[in-house]
1. Suppose each label sits 7 Å from its Cα in the direction of the beta carbon; what would the Leu65-Met77 distance come out to in nanometres?
2. Take the Cβ-Cβ distance between Thr12 and Phe96 as r, set R0 to 22 Å, and report the resulting FRET efficiency rounded to the nearest 0.05.
Amino acid sequence: MVFVGDSVTRNTFESLACLMYGFYDMPEDLAGINMANGMKRGFVRPACNFTLAFHRTNFMVDLKLDDPAKPKGGGVMDLSKPDERWMRRLAQHDIFVINTCH
């Protein structure tokens, strides 16, 4: 199961992760997946063949920046095309939870 979205989606992911972590007594029973900055971006429960993951994206759609070296510069959003960074991970998960409330 993977959660895709912004900070609101991350809060939902973290709530479910806390419930799972509290349910399993032994920390080694629920291994964490770390991001480069040390934050948890997922948990694996090998005994149940279950992975809970989070993929951060500010935009659910494709964003083409005028100058990639200046991320705060101008750009164009293609509302008909999903963002490739999370779309290429579709095959890795059975369930996607996508929050579009913003």
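Taken together, the values in this text are just the output of simple stated rules run on the coordinates, not laboratory data. Just so it is clear, the structure is predicted and the values come from calculations on it, not from any experiment. Cβ placement follows ideal geometry from the backbone for every residue including glycine, while neighbour counts extend to all protein chains displayed.
1. Rounded to a tenth, the inter-label distance reads 1.7 nm.
2. Given R0 = 22 Å and the Cβ-Cβ separation, E is 0.95.
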